[in-house]
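Novice: My questions will all concern the structure given below.
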Amino acid sequence: MKPSKTSALETEVSELKSLVNNLLNKVEKQDALIRKLTAENSSLHEEVRHLRRLKLLLILEHPWLPLHNNLSERQIREYVKRRKISGGTRSILGRKCRDTFASLKKTCRLHGVSFSRYLKDRISGEGMIARLSDMVREKSAQLMSTPAYEF
């Protein structure tokens, strides 16, 4: 008898939860070990504090890095709100389509291209608008050639 899609999905979710719990347990054990070692050894404690300070000062070496992740949060906010309101998708294919179109729409917006015009151009095959992948590569090349990105 062929297993149902629901039971297969439940099994996959269960396996993923197990993996996440295992990872969380490993992280907690490592944190506990670090706390124990630093508590027992004051010089190690000072070294860890020093490394943490250096990590905080990393921004001075790389000033183009943002101090927060608000941009990333804002970029997915619309997507999350739509998903919450709609209740998600009914199939894996539906989720992939939604994710793909959301990504295309956001990338078009970031590069100042009309999403509807871009889709019409791709579907019609006119090729009047450059491919998004080319735009992203060009923008990356421009950013990497600025002095702030020289290592």
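The values are calculated or read from the model by the stated rules, or taken from the named source; none is laboratory data. Values in this document were obtained by computation on a predicted structure and should not be read as measured data. Every residue, glycine among them, receives a Cβ derived from its backbone with ideal geometry; neighbour counts consider all protein chains shown.
Novice: When the residues of the stretch 1-51 are narrowed to those that are of a type in the set (K, R) and surrounded by 10 or more Cβ atoms within 10 Å (Cβ to Cβ), which ends up modelled with the lowest pLDDT?
Specialist: The selected residue is K5.
Novice: Step by step: first the residues of the stretch 105-116, then only those that are part of a loop (DSSP other than H, G, I, E, B) and surrounded by 10 or more Cβ atoms within 10 Å (Cβ to Cβ), then the one that is modelled with the lowest pLDDT. Which residue is that?
Specialist: H111
Novice: Another question, if that's okay. Being surrounded by 10 or more Cβ atoms within 10 Å (Cβ to Cβ), part of a helix (DSSP H, G or I) and not acidic (D, E), is that true of even one residue in the stretch 60-69?
Specialist: no
Novice: While we're on this one: Write out, first by first residue and then by second, each pair whose Cβ atoms fall under 7 Å of each other, whose residues are 6+ apart or on separate chains, and whose first residue, in the stretch 92-118, is free of Cβ contacts under 8 Å to residues at least 40 places away in the same chain while the second is surrounded by 13 or more Cβ atoms within 10 Å (Cβ to Cβ) and in a loop (DSSP other than H, G, I, E, B).
Specialist: Between residues of the stretch 92-118 that are free of Cβ contacts under 8 Å to residues at least 40 places away in the same chain and residues that are surrounded by 13 or more Cβ atoms within 10 Å (Cβ to Cβ) and in a loop (DSSP other than H, G, I, E, B), the close pairs are R95/T89; R98/T89; V113/I129; R117/I129; Y118/I129.
Novice: Please verify whether the stretch 75-97 includes one or more residues that are among the polar types (S, T, N, Q), loosely packed, with under 12 Cβ neighbours inside 10 Å and over 30 Å from T6 (Cα atoms).
Specialist: There is no residue in the stretch 75-97 that is among the polar types (S, T, N, Q), loosely packed, with under 12 Cβ neighbours inside 10 Å and over 30 Å from T6 (Cα atoms).
Novice: For the stretch 46-59, indicate whether the set of residues that are in contact (Cβ under 8 Å) with a residue 24 or more places away in the chain and either under 23 Å from the mean Cα position of the chain (by Cα) or closer than 22 Å to R109 by Cβ (or both) is non-empty.
Specialist: No, because not a single residue in the stretch 46-59 is in contact (Cβ under 8 Å) with a residue 24 or more places away in the chain and either under 23 Å from the mean Cα position of the chain (by Cα) or closer than 22 Å to R109 by Cβ (or both).
Conditions (1) basic (K, R); (2) closer than 30 Å to S133 by Cβ; (3) assigned to a helix (DSSP H, G or I), marked per residue:
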{"residue": "S18", "(1), (2), (3)": "no, no, yes"}
{"residue": "I34", "(1), (2), (3)": "no, no, yes"}
{"residue": "E46", "(1), (2), (3)": "no, no, yes"}
{"residue": "K55", "(1), (2), (3)": "yes, no, yes"}
{"residue": "R77", "(1), (2), (3)": "yes, yes, yes"}
{"residue": "S103", "(1), (2), (3)": "no, yes, yes"}
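Novice: Checking the condition under 29 Å from Q142 (Cβ atoms) and not hydrophobic (A, V, I, L, M, F, W, C), which residue from S91, S114, S86 passes?
Specialist: Unique residue meeting the criteria: S114.
Novice: Moving to a separate point now. Which condition number in (1) modelled with pLDDT of 80 or more; (2) assigned to a loop (DSSP other than H, G, I, E, B); (3) closer than 27 Å to S145 by Cα; (4) in contact with a helix residue (DSSP H, G or I) (Cβ under 8 Å, 6 or more places away or on another chain) is the one that G127 fails?
Specialist: Of (1) modelled with pLDDT of 80 or more; (2) assigned to a loop (DSSP other than H, G, I, E, B); (3) closer than 27 Å to S145 by Cα; (4) in contact with a helix residue (DSSP H, G or I) (Cβ under 8 Å, 6 or more places away or on another chain), only one is false for G127: (3).
Novice: Has the stretch 104-119 got at least one residue that is hydrophobic (A, V, I, L, M, F, W, C) and under 30 Å from L9 (Cα atoms)?
Specialist: Yes: the stretch 104-119 contains one or more residues that are hydrophobic (A, V, I, L, M, F, W, C) and under 30 Å from L9 (Cα atoms).
Novice: Moving on to the next point. With (1) touching a His at 6+ places or on another chain (Cβ under 6 Å); (2) touching a residue at least 24 places away in the same chain (Cβ under 8 Å); (3) not small (G, A, S) as the list, and T38 as the residue in question, which single condition is left unmet?
Specialist: (2)
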